[in-house]
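A.B. asks: First the structure, then my questions, so here it is.
The values are calculated or read from the model by the stated rules, or taken from the named source; none is laboratory data. On a predicted model such as this, the values are computed, not experimentally measured, just so you know. Here the Cβ is made from the backbone with ideal geometry for all residues, glycine too, and neighbour counts use every protein chain on show. Ligands, DNA and RNA are excluded from the accessible area calculation, which covers all protein heavy atoms including side chains. Shrake-Rupley method; radii C 1.70, N 1.55, O 1.52, S 1.80 Å.
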Amino acid sequence: MSVETEDRILAVLEDDAQASYTEIAERANVSKPTARKYIQKLESEGVIVGYSADIDPKKLVGTSIALVGIDVASERYVEVTGELKELDAVESLYTSSGDHMLMAEVRAADGGEVGEIIREGILSIEGVEAAHPSFLQERLK
């Protein structure tokens, strides 16, 4: 299988996660069976982990979205990530090479509730040393 073909197919899916196999094949310049085969392979290998909708936080009524940088004691890293994954308000969780070890996307009704989730959920986990939220305002691209 060609890495170049994979890249073209992934580019189509990143642009439009709801594209049909026919549309993906046309835009990636491959046959429909080839598109299907590559997508199934990428899903089974864990490269494609899901399909989602892009949301403009400014237009989202009744929901605040924050990216929360989380600092963790290295000896508790595995346990902390496991507990964070169990929190319903944590939409997604990423490892990070930036200022914080982890980045979590937190969704709640408003900023006050995000703060409550951070205080009572995230910071209450043994091994979490700090949590720094950045609220998303408006999607630009």
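A.B. asks: Working only within the range 126-141, note down all residues that are buried (at least 16 other Cβ atoms within 10 Å of the Cβ) and closer than 13 Å to VAL72 by Cβ.
C.D. replies: The answer is GLY127, VAL128, ALA131.
A.B. asks: Hey, another quick one. Can you name the residue in the range 1-36 that is over 25 Å from the mean Cα position of the chain (by Cα) and in contact (Cβ under 8 Å) with a residue 24 or more places away in the chain and is also farthest from ILE48 (Cα to Cα) among such residues?
C.D. replies: VAL30
A.B. asks: While we're looking at this one, here's another question. I'd like to know if the range 70-79 contains one or more residues that are free of Cβ contacts under 8 Å to residues at least 24 places away in the same chain, of a type in the set (Phe, Trp, Tyr) and surrounded by 10 or more Cβ atoms within 10 Å (Cβ to Cβ).
C.D. replies: Taking every residue of the range 70-79 in turn, none turns out to be free of Cβ contacts under 8 Å to residues at least 24 places away in the same chain, of a type in the set (Phe, Trp, Tyr) and surrounded by 10 or more Cβ atoms within 10 Å (Cβ to Cβ).
A.B. asks: Going through the range 109-125 one residue at a time, which ones are outside any helix (DSSP H, G or I), open to solvent by 30 Å² or more (accessible area, probe 1.4 Å) and farther than 17 Å from ILE65 by Cβ?
C.D. replies: LEU123, SER124
A.B. asks: How many residues are more than 27 Å from LYS141 (Cα to Cα) and open to solvent by 50 Å² or more (accessible area, probe 1.4 Å) if we restrict to the range 1-39?
C.D. replies: 6
A.B. asks: Further question on the same structure: So LEU42 passes all but one of these: (1) open to solvent by 50 Å² or more (accessible area, probe 1.4 Å); (2) within 30 Å of ASP15 (Cβ to Cβ); (3) under 18 Å from the mean Cα position of the chain (by Cα). Which condition number does it fail?
C.D. replies: Result: LEU42 fails condition (1) only.
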